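The next block holds one structure in the form of structure tokens; read it before the comments.
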Amino acid sequence: MIQLWSSRLAPYLVATMFVITLALCMSGAIAASSIPAGWTCTGSCGSSGADGVVPLSPAGNPAYEWISTNGGIAGVGGLAGVTGAGGRGSSTNGSTLKTITFAADANSLLNFDFNYTTADGFIVSDYAWAELFNSENAPVALLATARTSPAGNTIPGSNISAPVGTLKPSMVTIQPGLTMWSPLGSSSGACFLGPTQGCGTTGWASSSFTIGTAGSYFLLFGVTNWDDELFDSGLAVDGVTVNGQPIGGIAAPEPASLLLLGIGAVPLLLKRRRS
């Protein structure tokens, strides 16, 4: 009897779970794993809707890209010349995310939004950054940095070369204790030595930069663990534009279409069952 009841109920359960999954995707509760076509990830990257302490960006897109030290690769994600407090430590493992190569005229305005979230503290400060390169892989300009300091300010990052991008706000203090974010994996919700020691999130900030010379360029975003591989950190990125035009993003189905698809699947399954 139980087996017969289960077999009859199965199609209804499948249809219900399908609709629930679609609804969760619409609300951003389920993260998408892909990155935009043509972008390149080394380490741990993905795309996500609003998740935990990292909401959607001011760009108004249905999802943002992220990189994380959780699942990062040894020797990836660090910048040259970076030191720790008192000269202690070095980069360990991390990730980078490279955009497509894009063409820019002289005096083109480059913009992007970014949000740094870290479960680590200022004693062993992880960090994140964004840098512009030309098509010959030569660095052009460091545009944004984020790293917790004992003073609390996190943007721009401490003990890193000053970025030349125009940051808005020009300085951001960490929002302590706010680390619940899926890309951090097991570090989501954690804080090294407690929330007063530098863990948290910056909220969304922006960087803008005028590209002086016409040519082909790409943006590279990086995040790295510092001194150890514990208590991960991540960077969310969105709204990358040149003169207001996106250089690449997520092609997401319209939520209304997803919901209609899910609802429409229910009678089809039931009709199949009755036949």
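The values are calculated or read from the model by the stated rules, or taken from the named source; none is laboratory data. Please read these numbers as outputs of a predicted model, since none were measured by experiment. Cβ coordinates were reconstructed from backbone atoms using ideal geometry, including for glycine residues, and neighbour counts include every protein chain displayed.
Here's the yes/no breakdown for (1) assigned by TED's automatic domain parsing to the domain that holds S233; (2) over 25 Å from S186 (Cα atoms); (3) in contact with a Pro (Cβ under 9 Å, 6 or more places away or on another chain):
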site: W39; (1), (2), (3): yes, yes, no
site: G60; (1), (2), (3): yes, yes, no
site: S68; (1), (2), (3): yes, no, yes
site: A74; (1), (2), (3): yes, no, no
site: A85; (1), (2), (3): yes, yes, yes
site: S95; (1), (2), (3): yes, no, no
Practice problem: Count, please, the residues in region 239-256 that happen to be under 16 Å from T101 (Cα atoms) and at pLDDT 95 or above. | Solution: 7
Quiz prompt | Test for G78: is it of a type in the set (G, A, S), assigned to a loop (DSSP other than H, G, I, E, B) and in the same structural domain as V237 (by TED's automatic domain parsing) | solution = yes
Practice problem: Could you pull out every one of the strands (runs of 3 or more DSSP E) wholly within region 84-195 that has 1 or more residues that are in contact with a Cys (Cβ under 8 Å, 6 or more places away or on another chain)? | Solution: 91-98, 108-118
Quiz item: Only one residue in S207, S187 is surrounded by 19 or more Cβ atoms within 10 Å (Cβ to Cβ), farther than 21 Å from I123 by Cβ and out of contact with any Ser or Thr (no Cβ under 6 Å at 6 or more places or on another chain). Which one?
Solution: S207
Practice problem: Return a yes/no flag: does region 134-152 have any residue that is farther than 24 Å from S208 by Cβ, in the same structural domain as T241 (by TED's automatic domain parsing) and without any contact (Cβ under 8 Å) to a residue 12 or more places away in the chain. | Solution: yes
Quiz item: Is it the case that some residue within region 187-206 is touching a residue at least 24 places away in the same chain (Cβ under 8 Å), within 18 Å of S44 (Cα to Cα) and not hydroxyl-bearing (S, T, Y)?
Solution: no
Quiz item: Under the condition of being surrounded by fewer than 22 Cβ atoms within 10 Å (Cβ to Cβ) and in a strand (DSSP E or B), which residue from region 218-234 is farthest from the chain's Cα centre (by Cα)?
Solution: F218
